[in-house]
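Here's the structure, in structure tokens; my notes come after.
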Amino acid sequence: MSTGLDVFDTTLQQTNLWLKDLMDHLGLDRKHAYRVLSATLHAVRDRIGPDNAVHLGAQLPILMRGFYYEGWHAAGTPTKIRHKQEFLDYVSGDVFRGLGIDPEKAVRAVFEVMANRMDPGEIEKLIKLFPDELRSLWPAARHGGTGESGGWQRLD
């Protein structure tokens with residue numbers, strides 16, 4: 001289905017590819033894949049601080065930016081979450097209730113899709129913003145890097 005505008009068709013196609021990847025990883029339908037993606041992106045956004053959140057948002061497909069920023073209160077960020085279980089609890093909240101989805105598996109799947117769909121250098125910089133315990137949720141191959149910040153601001 002075409003909208004008649006290339007920019008809308010492109011962002012719709014890109015968003016559907018992200019959702020399809022999640023559906024394949026987790027065995028979910030499109031609606032639940034969207035819920036998992038949205039909840040995980042919100043947790044990342046809230047953990048990395050306002051400037052970094054805007055930097056990440058600029059790299060997402062246009063359609064995804066809308067639900068990425070939905071409900072955001074920049075003044076309340078960054079969250080002080082430093083431990084894996086806290087992060088997983090923050091992501092899952094009410095979203096995963098009744099879905100029978102392991103929050104860690106879901107977050108790892110979203111991070112895998114992000115690593116596959118976004119610029120590798122930007123992903124490496126993003127990962128460095130997380131405390132060591134949270135970095136363990138990201139695909140192992142992305143933990144290296146040059147140490148350059150390139151628009152990202154390190155939070156401790």
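The values are calculated or read from the model by the stated rules, or taken from the named source; none is laboratory data. All values reported here derive from a predicted model rather than from experimental measurement. Heads up, the Cβs are rebuilt from the backbone with ideal geometry, glycines too, and the neighbour counts pull from every protein chain shown. Accessible surface areas use protein heavy atoms only, side chains included; no ligands, DNA or RNA. Shrake-Rupley method; radii C 1.70, N 1.55, O 1.52, S 1.80 Å.
Considering only residues in segment 44-85 that are of a type in the set (D, E, K, R) and over 14 Å from the mean Cα position of the chain (by Cα), the one that is nearest to ASP119 (Cα to Cα) turns out to be ASP51.
Scanning segment 132-148 for residues that are at pLDDT 90 or above and either open to solvent by 10 Å² or more (accessible area, probe 1.4 Å) or among the polar types (S, T, N, Q) (or both) returns ASP132, GLU133, ARG135, SER136, PRO139. Within segment 43-65, residues that are without any contact (Cβ under 8 Å) to a residue 12 or more places away in the chain and on the phi < 0 side of the Ramachandran plot have Cβ atoms under 8 Å from residues that are of a type in the set (S, T, N, Q) and assigned to a helix (DSSP H, G or I) in no pair, counting only partners at least 6 apart in sequence or on another chain.
Looking only at residues of segment 91-100 that are surrounded by fewer than 16 Cβ atoms within 10 Å (Cβ to Cβ) and of a type outside the set (D, E, K, R), we find that the one that is nearest to PRO50 (Cα to Cα) is GLY93. Selection of segment 101-123 for residues being free of Cβ contacts under 8 Å to residues at least 60 places away in the same chain, open to solvent by 80 Å² or more (accessible area, probe 1.4 Å) and not in a helix (DSSP H, G or I) yields only ASP102.
For VAL91, the conditions (1) over 18 Å from PRO139 (Cβ atoms); (2) at pLDDT below 95; (3) among the aliphatic types (A, V, I, L, M) are fulfilled apart from (1).
The number of residues in segment 31-72 that are aliphatic (A, V, I, L, M) and in contact with a Ser or Thr (Cβ under 6 Å, 6 or more places away or on another chain) comes to 3. Restricted to segment 1-75, the set of helices (runs of 4 or more DSSP H) holding at least 3 residues that are closer than 22 Å to PRO103 by Cα and out of contact with any Asp or Glu (no Cβ under 9 Å at 6 or more places or on another chain) comprises 6-26, 30-48, 62-69.
In segment 17-37, the qualifying residues are those that are without any contact (Cβ under 8 Å) to a residue 40 or more places away in the chain and either within 22 Å of ALA53 (Cα to Cα) or open to solvent by less than 50 Å² (accessible area, probe 1.4 Å) (or both), and the one that is farthest from the chain's Cα centre (by Cα) is MET23.
Scanning segment 55-90 for residues that are surrounded by 13 or more Cβ atoms within 10 Å (Cβ to Cβ) and among the aliphatic types (A, V, I, L, M) gives LEU56, LEU60, ILE62, LEU63, MET64, ALA74, ILE81, LEU88.
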